[in-house]
Amino acid sequence: MRFAIMFFCYVLGIGLALNAFFSPCIQALLPLFKGLLTLIDGHFEVISAQVTTVGDAQVIDFEVRLAKSFWLGKHFIAVDPTGVAHASTTLVHLWQSLAVCLALILSWPEILMRKRLLALAYGLLGTLLVWCIDVPFVLLAALWQMIDAHYGIADFSILTDWQQILENGGRLILGLMIGCLAIFLA
(Lines give C-alpha, C1' and ligand atoms only; values in the text may rest on other atoms or scores of the structure.)
Protein backbone atom coordinates (compact mmCIF):
# COMPACT_ATOMS: atom_id res chain seq x y z
CA MET A 1 0.00 0.00 0.00
CA ARG A 2 2.86 2.34 0.85
CA PHE A 3 4.43 1.65 -2.55
CA ALA A 4 1.18 2.50 -4.36
CA ILE A 5 0.75 5.79 -2.49
CA MET A 6 4.35 6.80 -3.08
CA PHE A 7 4.09 5.82 -6.75
CA PHE A 8 0.92 7.89 -7.20
CA CYS A 9 2.44 10.92 -5.45
CA TYR A 10 5.63 10.69 -7.51
CA VAL A 11 3.69 10.40 -10.79
CA LEU A 12 1.60 13.43 -9.90
CA GLY A 13 4.56 15.52 -8.70
CA ILE A 14 6.88 14.57 -11.53
CA GLY A 15 4.16 15.09 -14.13
CA LEU A 16 3.34 18.56 -12.83
CA ALA A 17 7.02 19.52 -12.60
CA LEU A 18 7.77 18.28 -16.12
CA ASN A 19 4.83 20.16 -17.57
CA ALA A 20 5.64 23.37 -15.69
CA PHE A 21 9.43 23.58 -15.98
CA PHE A 22 10.90 21.24 -18.57
CA SER A 23 9.03 21.97 -21.80
CA PRO A 24 11.90 24.06 -23.25
CA CYS A 25 14.21 21.02 -22.88
CA ILE A 26 12.30 19.25 -25.64
CA GLN A 27 13.40 22.01 -28.03
CA ALA A 28 16.88 20.46 -28.00
CA LEU A 29 15.46 17.12 -29.19
CA LEU A 30 13.59 18.55 -32.18
CA PRO A 31 16.49 18.09 -34.66
CA LEU A 32 16.67 14.43 -33.61
CA PHE A 33 12.92 13.95 -34.14
CA LYS A 34 13.12 15.82 -37.46
CA GLY A 35 15.96 13.62 -38.70
CA LEU A 36 14.19 10.44 -37.63
CA LEU A 37 10.95 11.47 -39.33
CA THR A 38 12.67 12.07 -42.66
CA LEU A 39 14.76 8.91 -42.26
CA ILE A 40 11.69 6.75 -41.59
CA ASP A 41 9.57 8.19 -44.40
CA GLY A 42 11.21 10.09 -47.25
CA HIS A 43 7.87 11.27 -48.66
CA PHE A 44 7.89 14.29 -46.37
CA GLU A 45 10.22 17.26 -45.94
CA VAL A 46 10.20 19.03 -42.57
CA ILE A 47 10.06 22.79 -43.03
CA SER A 48 10.07 23.70 -39.37
CA ALA A 49 9.78 22.08 -35.97
CA GLN A 50 8.97 23.91 -32.78
CA VAL A 51 7.47 23.60 -29.34
CA THR A 52 4.46 25.89 -29.24
CA THR A 53 1.24 26.45 -27.34
CA VAL A 54 -2.10 25.51 -28.86
CA GLY A 55 -4.95 26.45 -26.56
CA ASP A 56 -3.91 25.26 -23.11
CA ALA A 57 -1.56 22.54 -24.36
CA GLN A 58 2.09 22.74 -25.28
CA VAL A 59 2.74 20.77 -28.45
CA ILE A 60 5.57 19.65 -30.68
CA ASP A 61 4.49 21.08 -34.03
CA PHE A 62 6.05 20.00 -37.31
CA GLU A 63 5.35 21.93 -40.49
CA VAL A 64 5.90 19.60 -43.45
CA ARG A 65 5.34 19.32 -47.17
CA LEU A 66 5.65 16.52 -49.66
CA ALA A 67 9.20 15.92 -50.80
CA LYS A 68 8.38 13.84 -53.87
CA SER A 69 5.43 12.76 -55.97
CA PHE A 70 4.13 9.20 -55.66
CA TRP A 71 1.26 6.86 -56.45
CA LEU A 72 -1.10 5.88 -53.65
CA GLY A 73 -3.32 3.13 -54.99
CA LYS A 74 -4.86 4.62 -58.10
CA HIS A 75 -4.24 8.23 -57.02
CA PHE A 76 -1.23 10.23 -58.15
CA ILE A 77 -0.10 12.58 -55.40
CA ALA A 78 1.93 15.45 -56.80
CA VAL A 79 4.23 17.77 -54.94
CA ASP A 80 2.76 21.22 -54.42
CA PRO A 81 5.44 23.73 -53.37
CA THR A 82 2.80 25.84 -51.61
CA GLY A 83 1.16 22.90 -49.85
CA VAL A 84 2.00 22.74 -46.16
CA ALA A 85 0.64 20.46 -43.45
CA HIS A 86 0.96 20.62 -39.68
CA ALA A 87 1.32 17.54 -37.51
CA SER A 88 1.62 17.79 -33.76
CA THR A 89 1.63 15.84 -30.53
CA THR A 90 1.25 17.24 -27.05
CA LEU A 91 4.11 17.30 -24.58
CA VAL A 92 1.81 15.82 -21.94
CA HIS A 93 1.88 12.64 -24.01
CA LEU A 94 5.67 12.52 -23.79
CA TRP A 95 5.67 13.30 -20.09
CA GLN A 96 3.41 10.32 -19.36
CA SER A 97 6.03 7.67 -20.06
CA LEU A 98 8.80 9.63 -18.34
CA ALA A 99 6.74 10.41 -15.22
CA VAL A 100 5.65 6.79 -14.80
CA CYS A 101 9.19 5.48 -15.35
CA LEU A 102 10.79 7.88 -12.87
CA ALA A 103 8.02 7.40 -10.30
CA LEU A 104 8.42 3.63 -10.44
CA ILE A 105 12.17 3.86 -9.91
CA LEU A 106 11.90 6.40 -7.09
CA SER A 107 9.15 4.56 -5.23
CA TRP A 108 10.62 1.06 -5.63
CA PRO A 109 11.27 -0.35 -2.14
CA GLU A 110 14.61 -1.64 -0.85
CA ILE A 111 16.98 -0.37 -3.50
CA LEU A 112 20.32 1.20 -2.64
CA MET A 113 20.88 4.85 -3.55
CA ARG A 114 23.71 4.07 -5.98
CA LYS A 115 21.59 1.49 -7.78
CA ARG A 116 18.61 3.86 -7.77
CA LEU A 117 20.72 6.56 -9.46
CA LEU A 118 21.92 4.04 -12.03
CA ALA A 119 18.33 2.95 -12.60
CA LEU A 120 17.32 6.59 -13.10
CA ALA A 121 20.03 7.00 -15.74
CA TYR A 122 18.84 3.83 -17.51
CA GLY A 123 15.26 5.04 -17.24
CA LEU A 124 16.09 8.40 -18.82
CA LEU A 125 17.99 6.72 -21.64
CA GLY A 126 15.19 4.19 -22.20
CA THR A 127 12.58 6.94 -22.26
CA LEU A 128 14.60 8.91 -24.80
CA LEU A 129 14.76 5.80 -27.02
CA VAL A 130 10.99 5.34 -26.72
CA TRP A 131 10.46 8.99 -27.63
CA CYS A 132 12.58 8.43 -30.76
CA ILE A 133 9.98 5.88 -31.83
CA ASP A 134 6.92 7.62 -30.40
CA VAL A 135 7.20 11.14 -31.83
CA PRO A 136 8.13 10.41 -35.48
CA PHE A 137 5.63 7.59 -35.88
CA VAL A 138 2.76 9.51 -34.28
CA LEU A 139 3.47 12.53 -36.49
CA LEU A 140 3.71 10.31 -39.58
CA ALA A 141 0.41 8.67 -38.63
CA ALA A 142 -1.25 12.09 -38.50
CA LEU A 143 0.19 13.04 -41.90
CA TRP A 144 -0.89 9.80 -43.56
CA GLN A 145 -4.35 10.14 -42.01
CA MET A 146 -4.67 13.54 -43.70
CA ILE A 147 -3.69 12.08 -47.06
CA ASP A 148 -6.00 9.08 -46.63
CA ALA A 149 -8.91 11.31 -45.59
CA HIS A 150 -8.34 13.64 -48.53
CA TYR A 151 -8.42 10.82 -51.08
CA GLY A 152 -11.08 8.76 -49.27
CA ILE A 153 -8.83 5.77 -48.74
CA ALA A 154 -9.99 3.53 -45.91
CA ASP A 155 -6.98 1.25 -45.79
CA PHE A 156 -5.40 -0.62 -42.90
CA SER A 157 -2.55 1.40 -41.43
CA ILE A 158 -0.12 0.12 -38.82
CA LEU A 159 0.82 3.75 -38.06
CA THR A 160 -2.77 4.63 -37.15
CA ASP A 161 -3.04 1.53 -34.96
CA TRP A 162 0.25 2.43 -33.22
CA GLN A 163 -1.02 5.96 -32.60
CA GLN A 164 -4.26 4.62 -31.11
CA ILE A 165 -2.38 2.22 -28.81
CA LEU A 166 -0.10 4.99 -27.55
CA GLU A 167 -2.95 7.41 -26.95
CA ASN A 168 -5.06 4.83 -25.10
CA GLY A 169 -2.59 3.96 -22.35
CA GLY A 170 0.33 2.60 -24.34
CA ARG A 171 2.66 5.35 -23.16
CA LEU A 172 1.90 4.51 -19.54
CA ILE A 173 2.64 0.85 -20.17
CA LEU A 174 5.87 1.74 -21.96
CA GLY A 175 6.87 3.89 -18.98
CA LEU A 176 6.23 0.98 -16.62
CA MET A 177 8.21 -1.38 -18.82
CA ILE A 178 11.15 1.02 -19.05
CA GLY A 179 11.10 1.56 -15.28
CA CYS A 180 11.03 -2.20 -14.58
CA LEU A 181 13.85 -2.81 -17.06
CA ALA A 182 15.93 0.00 -15.56
CA ILE A 183 15.48 -1.41 -12.05
CA PHE A 184 16.39 -4.88 -13.28
CA LEU A 185 19.51 -3.63 -15.09
CA ALA A 186 20.66 -1.61 -12.08
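The values are calculated or read from the model by the stated rules, or taken from the named source; none is laboratory data. This structure is a prediction, so every number in the text was calculated from the model and none was measured. In this analysis, Cβ positions are derived from the backbone assuming ideal geometry, glycine residues included, and neighbour counts consider all displayed protein chains. Heads up: the accessible areas ignore ligands, DNA and RNA and are worked out on the full protein's heavy atoms, side chains in. Shrake-Rupley method; radii C 1.70, N 1.55, O 1.52, S 1.80 Å.
Computed values, structure above
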{"quantity": "Ranking by accessible area, most exposed first, for Glu167, Glu63 with a 1.4 Å probe", "calculated": "Glu167, Glu63"}
{"quantity": "Residues of the chain: accessible area per residue with a 1.4 Å probe, Å²", "calculated": "56"}
{"quantity": "Residue list for region 40-77, given a label point 7 angstrom along the Cα-to-Cβ vector of Ile133 and an amide N cut-off under 20 Å", "calculated": "40-42"}
{"quantity": "Region 71-136: Cα Rg divided by the 2.2 N^0.38 Å rule of thumb", "calculated": "1.85"}
{"quantity": "Formal net charge of residues neighbouring Ala182 (Cβ-Cβ distance under 12 Å; K, R +1; D, E -1)", "calculated": "+2"}
{"quantity": "Simple Cβ-charge dipole of the chain, Lys/Arg +1 and Asp/Glu -1, about Cα centre, in debye nearest 20", "calculated": "660"}
{"quantity": "The chain: translational diffusion in µm²/s, Stokes-Einstein, Kirkwood Rh over Cα pairs, 25 °C, 0.890 mPa s", "calculated": "137"}
{"quantity": "Additional length obtainable on full extension of the chain from Met177 to Ile147, 0.36 nm per residue less Cα span", "calculated": "7.5 nm"}
{"quantity": "Computed accessible area, Phe7, all protein chains, 1.4 angstrom probe, square angstrom", "calculated": "50"}
{"quantity": "Other-chain or far-sequence residues with amide H under 5 Å of Thr89's (modelled H)", "calculated": "Ile60"}
{"quantity": "Estimated vicinal HN-Hα couplings, Hz - region 44-51 in sequence order (Karplus 6.51, -1.76, 1.60; Gly, Pro = x)", "calculated": "10, 10, 7, 7, 8, 9, 7, 9"}
{"quantity": "Label-point separation, Glu63 to Gln27 (7 Å along Cα→Cβ), nm", "calculated": "1.7"}
{"quantity": "GNM result for the chain, Cα springs below 10 Å: residue of Asp148, Asp56, Asp41 fluctuating most strongly", "calculated": "Asp56"}
{"quantity": "Under the span-like rule (Cα at least 27 Å along the axis, Kyte-Doolittle mean at least -1.0), DSSP H helices of the chain", "calculated": "2-21, 113-151"}
{"quantity": "Estimated [θ] at 222 nm from DSSP helical runs (n ≥ 4, -39500 (n - 2.57)) normalised by residues in the chain, nearest 500", "calculated": "-20000 deg cm²/dmol"}
{"quantity": "Simple label model, 7 Å out from Cα along Cβ direction - Phe8 to Arg114, nm", "calculated": "3.5"}
